[in-house]
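These notes concern the structure reproduced below.
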Amino acid sequence: MILDDNDILRYSRQIILKEVGGKGQEKLFNAKVLIVGAGGLGSPAGLYLAASGIGTVGIIDGDNVDLTNLQRQIIHFSSDLNKAKVESAEEKIKAINPKINVIKYKERLNAENIASTIKDFDFIIDGTDNFPAKFLINDACVLLKKPFSHAGILRFDGQTFTHIPGGACYRCIFPELPPKGVIPSCSEAGILGPVAGIIGSVQALETIKFILGIGNLLINRLFIMNAFEMNFRIVNFKKNKECPICGENPSIKEIKEYEQPVCELKRN
Amino acid sequence: MQTIYELPPNLEKEIIEYENLIHEYENEKIDKQKLRAHRVPMGVYEQRIDDTFMVRVRIPGGNITVSQFKELINIVKKYSDKDLHITTRQEIQLHNIKLEDTAKIMKELLKIGLSTRGGGGNTVRNIIGSHDSGISENEIFDITPYVVALTERMIQESDSWTLPRKFKIAFSNGPDDTGYATVNDLGFIAKINEKGEKGFAVYIAGGMGANSNVGIKIFDFVSDKEVYNIAKSAKNLFDKYGNRKNRHKARLRFVLYSLGREEFIKKFFEEYEKVKKQNFNELKLRDVQIQNKGFIEIPIFLGDLSFENAEKILSVAQRFGENSLRFTPRQNIIIKNIPEKDKENIKEELIKNGLIKNAYNIFLYNAVSCAGASTCRLGICLSKNLLKAIKDKFEQNSLLLNLDDLKINISGCPNSCGQHLLADIGFFGKAKKINGKYVPFYYIVAGAEVGEDKTKFAEKIGEIAALDIPDFLMDFLNISAKEKRPNEKWSEYYKRDGREKILNIIKKYSYMENFSKNKNYYFDWYDDKEFSILNKIEGECSAGLFDLIDYDFKLADQMISENKLSDAVIYISRALLITKGLEIKNDSDSPVLFKENFIGKHIDEKYANIIENFINKKRDFNVDEIKEFYNEVKKLYNQMDNSLRFPELKKDEKEVKIKGEEILFKDFRGVPCPLNFVKTKLVLETINIGEKLKILLDDGEPIENVPASLKGEGHKVLKQTKIENYWEVLIEKGV
């Protein structure tokens, strides 16, 4: 990939950084990143990655754009209602940066398709909104030795960390899915858009840094934000010897899906 | 020797440096461009004929002592056979000088207290003043001491030589603004306040030429003690905000246009406050002793002064003391300090000497014309010849008119070098296509008004063939001599009646059939070659041909919209050929000529296909490719500089050799910050540590930032050298 004059202009403000330069820009062009979920987290992450010139962006999401999404999922516009999220996201990414190659998967990630889907990507962004998916991504990435960015958001809170092979994983902190009662009900599960925006942006930043091989990643460090108090902090954690998937005697040896506890309110 | 102004102490050193550069140039150690960069700010211009030079001497307010003038004539005689020339900025120009003599002249001038420094280039130019300052009966006060003192200060400051463009300052001795303070970059009009204190109304950002502007008034009255602070602030403002990249948009008035009036004034006062805090010394005013107010103005036709006449004038002037001479902005000479009782005798003597006449049309001698197409590389019409033709016409008809105060100004092109915007009646040249041929034509302008709070440029009211102008002017002036009331100003007469009269007379000269009957229309005045715009154009001032270029682009645009793509190719390729002085016999030659002169040189090779396609008569163009071609050529046109040169395509080959070592070279002129840094960085990534890269950077922000940033990234900046208005930087890759 040779930077043409427009590329130099477009990316000048990052090429200017000593840590990026032309070579870094080339790395970004050659990178492939998968975004799981084109929602609150995937939106900003996808837009930033496209803008920064990540050569290939994969998006997997089985949903269509719903009116309730628009408050925080900023990659989708009112004109996209009922459109497949992957289509809508692709359009925006191309609009920002026509050179980006977008690979769309209009499906839900599950135990069957995950291995083949993530296989060719260099980095995975977890932008999902439920525990079974987060555990699925963690397990698959650990087993297939793929780096990924985990994140979770709720109300005013957000957290994220980055896993690379050999580093601590999600199960090092949370060995199992939380019991049903602990998962917040829908009435408690509100969110302000910018909370997703901040955490999704941190994920994009981690991705870019990972690809460039620069700076300190959130490895073995959990970034925690409380936007209500405007508190940002880092909690260090360690690889857990007892971790059921990456510990010394792992019990999980294959990718498996866990049941989604269903919201009581939704059932009615 | 008695002198007028004090020269800066380092001038001698600068002259020696300049002389060394001439030697280096002659020994082919430096190229023409490099020499030029130093030559022009030293007041030395190359004339139209290669290897002959013009030297411009700084004469503040046109004031020179008798001894200086005497020596000046002796010096010039040694090195030139050509008349002296008085400029509208009250300087003296020496013509037909050899390059090696220019430095010798400077050294000799140095001995008599004169300098050529700042005679050209992006510098503080000669400061001008009202012609009758110190001798007028009704002036507010004599501004000469200010002109001289400010000159001394300005020429001492090294930043006066490295401005974004030229910077012109003027002083007037009263509200009539006879020194043109309202149309200079900075102008001072003498005033006395109710307390009886001396001061000035101050105008800024005026000027004529591209986007002419009457200056805006920044002080209605300010104490005369502030003159230096104001000039310094205006210079700082210009230095800081002037456009160094595009010399067409560089003069101070363009700073005004880009910032807007309010912001511009705000920025000026920011500078002014800063300057005031620095507590500079006040100007050192010296009184020029003049006992007598009597003076005689000797009209010098076109400002061309023969050695013989110069010596005659000198012999009269020296009787009235050292301070008895002045060159005027209307290119005449004043002998002053003449006691009233001697005035008539002196007049007699001057008449006997043939310097003035008993009765004659002084306004024709006062008339101002630019150099015109005979010597100016951009002129369209032969403006000086036109003025001669007008004078001849009046003389042949023995027509004497009492119109001494009439101001006639002629410019050979739309630039305002002949100051036609200040004319009572004036003309500026153009080329008009009639019956398929170009005819030398002029626009008629009239009705200018100059004065504090009054200055208004002349308006364009008609057009006329060059051939008809002497007749037209005779018709009009015959009428105005009768109808203009005594003491009525020309601008008033123009509004009352003159305008109507001009419009009526023009009608008489607009019969088109003339052009087929009289082939003289196709010849410019006193020129034996048929009028052509092509053989003249090369470029020192600018404009004129721009109309023609714009016209071709307009045609091309129209052809594209009508999908006549083959025609579009013709006009696109023709548009810029004129800048290279290329004669086009028929339209279909232009793509070929364009290819030879532009493609691969100024325009990407890829457009050669379009031309090939045209030449092969295949001509299956597609509209997008032609549009792209059009935009590319137009872009190139916008990058054209004042000398009609285009940026060369960047040469990226390893082509620079320093001590046998091949060095990668990149031209990043015209690349703005921070993109120039980004590009440099990208190139550095392609070479190994320890290898070198040479780049060119613009002056100003780029040179201030890029080398520092490169050092910050761990590279070594080995050398940076200023060349004209850009920099050459040698870098060694460090990391």
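Protein heavy-atom surface of chain B, 1.4 angstrom probe: 46% of the accessible area is carbon and sulfur, with nucleic acids and ligands not counted.
Scaled against the 2.2 N^0.38 Å expected of a compact globular protein of N residues, the Cα radius of gyration of chain B reads 1.01. Sum up the charges of everything whose Cβ sits under 13 Å from the Cβ of B:Gln419, counting Lys and Arg as +1 and Asp and Glu as -1, but leave B:Gln419 out. So the surrounding residues net to +3. Give B:Lys554/B:Lys627; B:Lys293/B:Lys352; B:Lys312/B:Lys336; B:Lys384/B:Lys482; B:Lys191/B:Lys293; B:Lys191/B:Lys217 a once-over and call out the pairs whose C-alpha atoms are over 18 Å from each other. Beyond 18 Å between Cα atoms: B:Lys293/B:Lys352; B:Lys384/B:Lys482; B:Lys191/B:Lys293. In the structure shown, the pairs B:Lys235/B:Lys454; A:Lys146/A:Lys209; B:Lys34/B:Lys679; B:Lys432/B:Lys529; B:Lys430/B:Lys601; B:Lys166/B:Lys580 are assessed against 20 Å; a Cα-Cα span above that value is assigned to B:Lys235/B:Lys454; B:Lys34/B:Lys679; B:Lys430/B:Lys601; B:Lys166/B:Lys580. The Cα center of segment B:67-114 and the Cα center of segment B:592-620 differ in position by 49 Å.
Could you rank B:Asp528, B:Asp392, B:Asp177 by how accessible they are, 1.4 Å probe, largest area first?
Solvent-accessible surface, decreasing: B:Asp528, B:Asp392, B:Asp177.
Over all other residues within a Cβ to Cβ distance under 11 Å of B:Ile599, the charged ones net out to -2, with Lys and Arg as +1 and Asp and Glu as -1. Restricting the GluC sites (Glu not before Pro) of segment B:10-98 to loop positions (DSSP other than H, G, I, E, B) with no more than 13 neighbouring Cβ atoms within 10 Å leaves B:Glu28.
Please say if segment A:31-236 is rounded, prolate or oblate, where rounded means a/c under 1.5 for a ≥ b ≥ c the square roots of the C-alpha gyration tensor eigenvalues, and otherwise the choice is prolate for a/b larger than b/c and oblate otherwise?
Here segment A:31-236 falls in the rounded category.
Summing +1 for each Lys or Arg and -1 for each Asp or Glu among the other residues whose beta-carbon sits under 14 angstrom from that of B:Phe269 gives +3. Once C-alpha pairs closer than 8 Å and six or more residues apart are averaged by separation and normalised to the residue number of chain B, the relative contact order reads 8 percent. Residues of segment B:659-701 whose accessible area (probe 1.4 Å, heavy atoms of protein chains only) drops by at least 30 Å² once all protein chains are present, relative to their chain alone: B:Pro674, B:Leu675, B:Val678, B:Lys679, B:Lys681, B:Leu682, B:Glu685.
With viscosity 0.890 mPa s and temperature 25 °C, the Kirkwood radius over alpha carbon pairs of the protein assembly as shown converts through Stokes-Einstein to a diffusion coefficient of 72 µm²/s.
Write out the trypsin sites (Lys or Arg not before Pro) in segment B:414-467 meeting two conditions: DSSP loop, and at most 14 other Cβ atoms within 10 Å of their Cβ.
On the way: sites: B:Lys430, B:Lys432, B:Lys433, B:Lys437, B:Lys454, B:Lys456, B:Lys460; in loops: B:Lys454.
When the trypsin sites (Lys or Arg not before Pro) of segment B:414-467 are filtered for loop state and at most 14 Cβ neighbours within 10 Å, B:Lys454 remain.
Annotation for B:Ala481 and B:Gln291: the two label points, set 7 Å from Cα along the Cα-Cβ direction, are 4.0 nm apart. Relative to one another, the C-alpha centroids of segment B:163-220 and segment A:120-167 are positioned 71 Å apart.
If you roll a 1.4 Å probe over the heavy atoms of the protein chains, what accessible area per residue do you get for chain B, in Å²? Heavy-atom accessible area per residue stands at 42 Å². In this Cβ point-charge picture (+1 for Lys and Arg, -1 for Asp and Glu), segment A:31-236 has a dipole of about 380 debye about its Cα centre.
Total buried accessible area between B and A, probe 1.4 Å, nearest 100: 1000 Å².
The values are calculated or read from the model by the stated rules, or taken from the named source; none is laboratory data. If you're wondering where the values come from, they're calculated on a predicted model, not measured in any experiment. All Cβ positions, even for glycine, are placed from backbone atoms using ideal geometry, and neighbour counts span all protein chains on display. Only protein heavy atoms, including side chains, enter the accessible area calculation; ligands, DNA and RNA are left aside. Shrake-Rupley method; radii C 1.70, N 1.55, O 1.52, S 1.80 Å.
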